[in-house]
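Have a look at the structure below, then the notes.
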Amino acid sequence: MFESQDDVSTSSEDEEFDELMCTAYEEIDDEFNDLHKAVVPGLAPAQPEAKIVDRVFNKPIFWKTGQKLRIGFLGGTPWQKGEVKKYAPEWTIYANLDFEFVDNEPYDITIDFKPGRSFSLLGTESHKRARASPPQASMNLGWVKKTTKVQRYRSTILHEFGHALGRTHEHQNELRLRYDDANNIVGSWVIPKIYAAYAKKGWSQQRVNTNLLAYCKGQLLTDHNFDRDSIMVYAFPEEFFEGGEAIVRKHELSYYDKGAMFVRYPGRDTQSLPKDFAWQSLTVQPINGVPFISTRFYVSIPPIN
């Protein structure tokens, strides 16, 4: 699954989650400074539990353009539900999709708020849980709570809904080791330090491989230079990279985040978009007869004052 960087859970559900690793992400519950402290100086190379295997998506995982997604809550307080309803629809400014929060089946996306873990299934794979009998959570927002800063849980909501709309982790972009959007070289991983830091947070090496180190390939929006400003990238200390710079946590949708949705789910009126929204080029290519948006574009044009 696609996990959030803020997950510290060692839940008994892990075995079940492992079955969904190809379609979901989760996030470790950890701020940048904590990961920095977790780095072990002079650590000897560690032996991985499993080979780092690229995650290849051979079937479309995107919703139908113009679709109204039925979103249901399986738990949570009125306040928690209200915060999700307030912040998640920001994606629909750019994506030609609509969110309908409903109380009855069928659901497209199902949300719970169990403490200690945030995750989301990827795109239409949400149906694996949302349309189970009984429905299970396709997304969990474990730290949407009043003791968490608004900026923090808002970014988590945006991050997990990014997965639910088909976005993978930006740090798993296979172009990550080439250049970022400012044409700066991005350093390669220092894998032993990464394993050691995340082990302190309860993550196995396989889990790290799935959510950090494996490249995501296939019918995905990953054909672009690495975007270190994406809401879909983790925060990493500089010690995790050979000659690279630290990546800090992001709390807003980047230009590329917006552009990817606008291109993948076309149809939004450009007049309704923010004035600082622009891109330089794009192509549309068929893959196995299926139209596919190739996002060889970037949206790094400075904001218009």
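Any read-out appearing in this document is the output of simple, stated calculations on the displayed coordinates, not a laboratory observation. Computed from a prediction, not measured in an experiment: that's the story for all the values here. Quick reminder, even Gly has a Cβ in these numbers, built from the backbone with ideal geometry, and neighbours come from all protein chains shown.
Say R0 is 35 Å: what FRET efficiency, to the nearest 0.05, do residue 245 and residue 86 get from their beta-carbon distance?
Given R0 = 35 Å and the Cβ-Cβ separation, E is 0.60.
Once the piece of chain linking residue 132 and residue 188 is laid out straight, how much longer is it, given 0.36 nm per residue of separation minus the C-alpha distance between them?
Working it through step by step, the gained length comes to 16.2 nm.
If packing is taken as the mean number of other Cβ atoms within 10 Å per residue, what is the order of 158-166, 134-142, 195-203, highest first?
158-166, 134-142, 195-203
Measuring from a point 7 Å past the Cα of residue 114 along Cα-to-C-beta, which residues in region 74-104 have an amide N at less than 15 Å?
Zone members listed by number: 74-76.
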